[in-house]
1. Over the stretch A:440-500, consider all pairs of different Cα atoms and compute the Kirkwood hydrodynamic radius from their mean reciprocal separation; express it in Å, one decimal.
2. Just tell me how shielded D:130-143 is by partners: mean number of partner chain Cβ atoms within 10 Å of each residue's Cβ, no decimals.
3. Restricting to DSSP H runs of at least four residues, report the calculated mean residue ellipticity at 222 nm for the protein assembly as shown, -39500 (n - 2.57) per run over all residues, nearest 500 deg cm²/dmol.
4. Cα axis of helix D:108-123 to longest principal axis of chain D: angle in degrees, 0 to 90, nearest 10?
5. Which three semi-axes in whole Å describe the equivalent ellipsoid of the protein assembly as shown, each the square root of 5 times a Cα gyration tensor eigenvalue, listed largest first?
6. Put one equal scatterer on each alpha carbon of the stretch C:250-312, apply the Debye formula with no solvent term, and list log10 I(q)/I(0) at q = 0.13, 0.24 1/Å to two decimals.
7. D for chain D, whole µm²/s, Stokes-Einstein with Kirkwood Rh over alpha-carbon pairs at 20 °C and 1.002 mPa s: what number?
8. Counting only protein heavy atoms and rolling a 1.4 Å probe, how much accessible area do A and C lose on contact, total for both sides, in Å² to 100?
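The values are calculated or read from the model by the stated rules, or taken from the named source; none is laboratory data. As the structure is a prediction and not an experimental result, all values here were calculated from the model. Counting neighbours? That spans all protein chains shown, and the Cβs are built from the backbone with ideal geometry, glycine included. Only protein heavy atoms, including side chains, enter the accessible area calculation; ligands, DNA and RNA are left aside. Shrake-Rupley method; radii C 1.70, N 1.55, O 1.52, S 1.80 Å.
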Amino acid sequence: MQTSSDNILSATRIEKGFPGTKALDRVDFHLRRGEVHALLGENGAGKSTLIKCLTGAYRRDGGSMLLDGAEADPRDTFDAQRLGIGTVYQEVNLLPNLTVAENLFLGRQPRRFGMVDTRTMNRKARELLAEYELDIDVTRDLASYSVAIQQVVAIARAVDLSGKVLILDEPTASLDAHEVEMLFRIVRRLKERGLGIIFITHFLEQVYAISDRITVLRNGQLVGTRNAADLDRRELIAMMIGRELATEIHSAHSDAVAGEPRYRFRNFGRRGKIDPFDLDVRAGEVVGMAGLLGSGRTETAEILFGAHRADSGTAEIDGRSVDLSSPRAAIRQKFGFCPEDRKTAGIVGDLSVRENIVLALQARRGWTRPIPRAEQNRLADHYIRALDIRTADREKPIRLLSGGNQQKAILARWLATEPELLILDEPTRGIDVGAHAEIIRLIESLREKGMSLIVISSEIEELVAYSTRVVVLRDHAHVAELDGAQLTAHRIVEAIAATNGREAP
Amino acid sequence: MKQKYLPLTATILIFVLSYALCVAQYPNMLSTRVIGNLLTDNAFLGIAAVGMTFVILSGGIDLSIGAVIAFAGVFLAVVLEHGGMHPLVAFALLLAITTLFGALMGAIIHYLEMPAFIVTLAGMFLARGMAFVLSIDSIPIKHPFYATLKSLYFKLPGGGRITLIGGLMLFVFAVGILIAHRTRFGTNIYALGGGTATAKLMGVPVAATTIRIYALSGLLAGLSGIVFSLYTSAGYSLAAVGVELDAITAVVIGGTLLTGGSGFVAGTLVGILIQGLIQTYITFDGTLSSWWTKILIGLLLFAFILLQKGIIHLSRPERQRA
Amino acid sequence: MIPIMRTYAGRLLPQLIALAAIVVAISIVFPGFLNLQIQNGRLYGSMVDILNRGAPVVLLAIGMTVVIATKGIDLSVGAVMAICGAVAASLITSGHSLAETLLATLAVGIVCGIWNGVLVAVLDIQPIIATLVLMVAGRGIAQLITEGTILTFNDPGLIFIGSGSFAGLPMPLVIWLVFGLLVALLVRRTALGMLIEAIGINRQASTLSGVLTPVLLVAAYVLSGLCAAIAGIIAAADIRGADANNAGLWLELDAILAVVVGGTSLLGGRFSIAASVLGAVIIQAINTGILLSGFPPEFNLIIKAAIIIFILVLQSPRFRTGVSFLSIPKAASKPTEREAK
Amino acid sequence: AELVVGFSQIGSESGWRAAETTLTKQQAEERGIDLKFADAQQKQENQIKAIRSFIAQGVNAILLAPVVATGWDEVLEEAKDAEIPVILLDRTVDASDDLYLTAVTSDLVHEGSVAGKWLVDTVAGKPCNVVELQGTTGSSPAIDRKKGFEQALSGNDNLKIVRSQTGDFTRTKGKEVMESFLKAEDGGKNICALYAHNDDMAVGAIQAIKEAGLKPGKDILVVSIDAVPDIFQAMAAGEANATVELTPNMAGPAFDALAAFLKDGKEPPKWIQTESKLYTQADDPMKVYEEKKGLGY
Ligand SMILES: Nc1ncnc2c1ncn2[C@@H]1O[C@H](COP(=O)(O)OP(=O)(O)OP(=O)(O)O)[C@@H](O)[C@H]1O
Ligand SMILES: Nc1ncnc2c1ncn2[C@@H]1O[C@H](COP(=O)(O)OP(=O)(O)OP(=O)(O)O)[C@@H](O)[C@H]1O
Ligand SMILES: [Mg+2]
Ligand SMILES: [Mg+2]
């Protein structure tokens, strides 16, 4: 056992309850100086809640906490920051209406004669971001930058704030490999300086790449803390989900599907969003979309679904030309769309899980034909069971569910409409290993039933596993299409990285 | 040019354009008198609107300011005329009261998690009710110090005047701009407007900031009340009815979003001037009946908003979803 | 069925308690308050007065509830009342039949609603400002119709709407009861209620789910306009004349207050028509109570403010957690996060 | 050149006010005066703004119907500096009288006492409980008409004001408040007379009295102020007893005084008082109604 002086942060018997849920049940957590400590668990296990209790964002119901050997009880996050705890909370928690520099220095802006010294602040902000190889205009609003850049800014802010402890709650969900590597370099440097670092993620490779120890939570309870080196992957997964996982990700990908394309998009595009592209989708086919952040994958999906109206090109289904000018029009053609930004475009927070699941179906039926309550209950229960959505009951407001479970509920919303073309934008982002595997299995079973899918993902392995074909995007244009033998992770990476000239498929 | 200056620029553009149009029709409107009047007559509204801008930037609203102005006037009249207090002492006392009143509303909004709209609506009833209780009569203020203050003005060529209160308004705007953009408190206000939950996670002292915002609004409403009492040399419990709506309108015309987090204090000044311009134009015209006056004010308001939307829309690459 | 009834009663409990408290308070100050008698074939007494006098605010609150549920607000309802009262009076005095007059007036209310709705849903103007336009201009339009005078009329049919009675109940009360029930059924027996709540909570997500957002938004404002039209007819019929200058003046604030006292959040989302109706009745009970109490009028506003603050504090989430915290020590505390906009 | 006169009107809060506006415009037209009209929407600050822009425009004279008595010194001073005569209409102001040419007004306190005196004479010593419908709380007509009425009643212990509430000068509120008076005073059996600060509230109250099953004008005496057409209809029907006239034609005498002043500098008296004439049911109310009907009330 360790003596307490080796621990920079020790939390004992932390308790936190929400109405109807016991989110944390007497959890112990010890963080040593100079270690990276991964905090793992399924969606809804209580990881974020533990973080929020440690940083004063929630008042804990019980338990105690020592920081650097002294009793610490941050009343709010401001307090925690003063104590030297820097945190990146899950879902980018920065202010889109402030400038990048203001976000970085909020609450501790440099001052001259009592006034904020904007010039110095901006200079310091540029210096700070330079460490992250980010050269952007720090005087612009944060909202004008992509999620990835925002994420880096959030990390930079937290690192700068952390004198003793740095907490990263799923910081890598929207970063690509290059940025992750950069983040790890910084984390290692901080570790050498003797900081304690808590790292939450669902990417197990990253866990093994960076962490020294691993603590696993399940259903709000502590399962155990182990040295990363002593814990193999299978065992770790078993700790997390409480059973063995049959298969994680298929290694072999599905074969190309023959036959006439059902969906035929020609010269489809919108100026300023995505260059005109051609796209065919057959029945029973999964078309993957690969590309770097900001390459235009989301834009492609939004145009296909009518969230943005296309300003050029045609769309045909089974040879007849169709109108896709609005989401309603697309839904009428039996399209479905799970957006990337769950919080702002997916969930309807205050509505219950049941209502969120029936929403699209109800919208399609029109307001005059309400789905009878019994039918709603049946649908909701069915999908809660089928997708294993963890919720106290179907009437719980969806915003109180953990992120992964929200994602599954949105998926259920579209499955309930029995779509023929389902567009999924980053369906596995922020989802735990168990659910990840389930969603991939789901994608495959939907394909086998003859549904067409378009799936956007930043995880290339995953794309290779379930796609019959992969479209590669770069700089807001479709640049390559890979299938059959060409469909390997290596080829995709090559296509993404090719700097100039459009690659022949 | 930066995206976020667009609404402000649009507003200034619209103001300059419409002033030019007015002058083309009534050349007299270019006189220094009109310009001086624009400042003096809108001084109390402008000062209150600065407070309102901060409140709206933080995502809140303050419906109590008109009533607080009325209360201030009656309070001053009562203590000056019946209490024999020196005006400066009375001013200090009054500002302390209204600041406290605002802080109290802020505390209720934050700690009891009640919507600002309702808390300040109750505050409006309370403030005007207090004014009634102090005196239902209108009371003239005849203190010589008032006459002294009013004699302080800067005469412009052509008969116009920049009065003390007009100058005070410009000063308050200047201070407001400094607070908004050059203090941590200012940034915190914008932060609250960007999202309370996020601001809290980022370590913004939400409670203190909320209370200070409404306290500031109360302070400025009190100051506006002092200006109003100087302007009319009287205290009257029915004064300044609906000023909060005028202030909100000015703030919004000035390009600040009612949802909070985005806008400029300087924009509010232009908003005030635009409203003043509309009124001046209507008086210069002088043919409109009571009802056409209202209809025209409504339509011009609509036109301004539409124009602003149009300018912003045309000059911004689209970002919204369908 | 029974659990549904129970959740329903649970939802309305704070309002019912507040109303009961006010009724008790008034009957202490004024003992004759609870008296009811039949006079001229019609129920007569202070309690009936509250329900009768409250009709305009109740009606406005019904429409306002739906608008607020969509995350909007409608400041124009007072002015629309004035317009519709003026239209009704001028049509009936110029010889149109009662049916024509009523239909035309309701149509005017609907047009006003469409105007607001289009500004909000299509032109994407912030609701407060969008409806402020009609609030300012609308009263002018009403005065334009009456030319600033009180347009009196003598049509017995129209007057009946204001002061007649049906089954012993005053007509305004009957009208809001029936209309409120219709609207409540309309939103809860169809999917309208849920779709409106979805829009109010997350407009973007609703649109992406295929909800016809612009149409429903316009519909909400149309309902509000329609409510204001009915309220306007009742207000005019009550005094047998259209008072364009004063009809509905500042009533929008009372309506919004009623919705909030009814517990619907100004941030949109979950709503309850019944609770808003109760809220409006509470507000009218306060007003009538003040009149009956015999205090000098300069105290009216202070009394009203004090009672409203008291009710709202009782209802505030923080206060309720605080109380349960006191009574059940160590109880699980509710999340204290305020949702970001 | 044509005479340009600015007119700053309070607003259009009542039928009486609308009539005053109509008559002022008519009178100006008859005299060939170019009237610049500005509606202040009930706000003093708007009136001050209007006067300032009249000065900036360089009008020949200004008519002002002040919303409140106080707070005019400064702006009137400015008008004086610019040598523009100001005439006050219908209410006077609390300022030194060399700041305006003249004031054409009635005496609000006197109106109240005329109404009170009528009531004292009518009940002739019998005990009588009076209920009072006040105007908008804080407005000068409400304060003065209350004061005048109380003055007339003082010394007559048989008359007692038992309830007094504001009806905001409107019919709706007049009716609502009367309803609660009736409930509060034993179904109206305790009330012998109603005094309303304006006719509109009286008209509303009359309906409430009828709906309570009592006879206005007989069971409860009704006296009010303004003499708008509708009250004459009520008087003709025996439902109202008396009203005190406040003439909406303030502009006629004002223009006459102005013309004389501009022609040969003849200073008019500082106060041109209009008559506060009492009308009762004996004055052929239907005839008065017909006369007044077309005046824009
Ligand atoms: N504010 C809240 N009110 C009620 N329940 C909540 C609230 N926040 C979280 N919960 C519940 O607490 C449990 C733990 O949630 P938490 O967000 O900590 O999970 P997590 O481990 O971070 O999951 P994920 O990996 O999906 O982020 C979940 O069951 C969730 O539904
Ligand atoms: N160069 C850029 N500068 C600023 N913003 C950009 C840039 N490129 C893209 N963006 C923004 O980043 C966001 C994501 O881009 P887009 O949806 O086109 O890409 P994506 O491939 O779907 O990326 P992601 O994986 O992040 O969803 C969009 O809002 C886009 O406007
Ligand atoms: Mg989490
Ligand atoms: Mg994307």
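1. Working: mean 1/r = 0.0814 Å⁻¹.
Result for the stretch A:440-500 stands at 12.3 Å.
2. Working: counts 0, 0, 0, 0, 3, 0, 3, 11, 15, 5, 4, 0, 2, 3.
That works out to 3 on average.
3. Numbers: 55 runs with 759 residues, N = 1465.
Dividing the helical sum by the residues of the protein assembly as shown leaves -16500 deg cm²/dmol.
4. For helix D:108-123, the angle is close to 20 degrees.
5. On the way: eigenvalues 818, 242, 193 Å².
Listed largest to smallest, the semi-axes of the protein assembly as shown are 64, 35, 31 Å.
6. Those come out to -0.36, -1.01, one per q.
7. Details: Rh = 19.9 Å.
Rounded, D is 108 µm²/s.
8. On the way: alone 22280 and 17400 Å², together 37160 Å².
In total, this chain pair buries about 2500 Å².
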